[in-house]
Every structure is written in structure tokens, then in C-alpha cells.
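*Asks:* Below is a structure I'd like to ask you about.
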């Protein structure tokens, strides 16, 4: 599977439905129609895409957005949510975590405030990580993990490990210095509420 097909599937899934469960079902059904090598390719490209935002700085941005409620496990689902927002959003945020401040979905979430988000609004997408697994099993009756292992690949199932510096995620000063636009947007909206 090439990168354009990967992003095309994700973009079409969001055009068909914006609800995550429905997107997952649509993606799974479409992938199951493809050759097993393409399903493996989808998983590989998904892992590589998540890897572009698998830094402590990106976790800090997710932590600020989620008002401090973003564990390492939730950060993995946050990475999938970012991938689900599309190629251009991922490119911008991968280059600069503070670019989250420019994402319309993020601005909408911050305007409402994390304490008012319904469960379905949290910027997490657990189901995207199951798409290739379910499609591969539907198509072949075999385990995706075993097929990846035979190819010498390891399926990414969690965020981290992070290299480089780490800092206090709860520090307003760190957030203001490291994520100035996102911090200003989140702090400004909290003050307005």
C-alpha cells in the first residue's frame, strides 16, 4: 500500500461518516477487500504516522488540550485521532506540536472545555488501531501480529518510549514556554468561561 492510498482511505472514511465507530467499520470493510499485503501496509503506515507525533512535546500538547487528563495510554489513542484528522493536520502538528492551536477541531474542543466534553468528543480514537487487525483476520482468518512477526515487524501498541528531555507536564510555565499558542488559547478560554 502506498501513502496516497493510505491517506485516501482515511479521508474517504471521514467523508462517509464522522462518527469514529462507523469510520472504523467502514475502514475495516474496505481494507478487508484488499490483498493481505495492503492490509499489512496500512498497519505499517499507521504506525509510521503515529510515530511522527510520538514525542514528549506532542504528549505535552495533548495533555494541555485534555486539561491534564491524558495518560500515556490515552496519548496513543490521541496519536490515532491526529492521524484521523488527515494528512495535512498530521504534517503540521508533527512539525510543531503548538500547531494544534490552529486545528479547527481543537479550537472547538477548547471552546467547550474538557469538563463538558461528552465521551464521544474526546480527542482519542482507540478503534483506528484495530482496523488492520480486524480486516486482516476477516480477509485471511489469521493473526495480523503473526504475519507482521514473520516479516520482522513489530506492531506498535503503545506510545513511547520518548528520547530527549522531559519536563513537568503539570507546569503552567513549561506549557506557556513550550506551547505558547495552545497554552494561550486554552488559558484564554478557561478565563472567559
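Laboratory data are not the source of any read-out in this text; all were calculated from the coordinates shown. As the structure is a computational prediction, the values presented were derived from the model and not from experiment. Backbone-built Cβ (ideal geometry, glycine too); neighbour counts: all protein chains shown.
*Asks:* When the chain is modelled as a GNM with alpha-carbon springs shorter than 10 Å, which of 139, 13, 88 fluctuates the most?
*Replies:* Looking only at 139, 13, 88, the biggest GNM fluctuation is shown by 88.
*Asks:* Show that you can apply the helix-only estimate: for the chain, add -39,500 (n - 2.57) for every DSSP H stretch of four or more residues, divide by all residues, and state [θ] at 222 nm to the nearest 500.
*Replies:* After summing the helix terms and dividing by residue count, I get -19000 deg cm²/dmol.
*Asks:* What angle, in degrees between 0 and 90 and rounded to the nearest 10, separates the Cα long axis of helix 180-192 from the longest principal axis of the Cα atoms of the chain?
*Replies:* Roughly 60 degrees, rounded to the nearest 10.
*Asks:* With a cut-off of 8 Å between alpha carbons and a minimum separation of six or more residues, what is the relative contact order of the chain in percent?
*Replies:* 31 percent
*Asks:* So how do 77, 120 line up by other beta-carbon neighbours within 10 Å, fewest first?
*Replies:* In increasing order of surrounding Cβ atoms, one gets 120, 77.
*Asks:* Starting from the Cα of residue 130, move 7 Å in the Cα-to-Cβ direction to define the label point; list residues of the range 15-36 whose amide nitrogen is under 19 Å from there.
*Replies:* So the set is 17-33.
*Asks:* Report, in whole Å, the centroid distance computed from the Cα atoms of the range 84-108 and the range 149-176.
*Replies:* 18 Å
*Asks:* To continue, here is another question. Evaluate E = 1/(1 + (r/R0)^6) for residue 67 and residue 87, where r is the Cβ-Cβ distance and R0 equals 25 Å; express this FRET efficiency to the nearest 0.05.
*Replies:* 0.35
*Asks:* Same structure, new question: Arrange 60, 133, 21 by Cβ neighbour counts within 10 Å, fewest through most, would you?
*Replies:* 21, 133, 60
*Asks:* Let me ask another. If you stretched the chain out fully between residue 137 and residue 157, how much longer would it get, using 0.36 nm times the residue separation minus the C-alpha to C-alpha distance?
*Replies:* Taking residue 137 through residue 157 to full extension adds about 5.5 nm, to one decimal.
*Asks:* Still on this structure, please answer the following. Could you check which residue among 119, 67, 170 shows the biggest mean-square fluctuation in a GNM of the chain with a 10 Å Cα cutoff?
*Replies:* Maximum fluctuation in the GNM of the chain, among the listed residues, is at 119.
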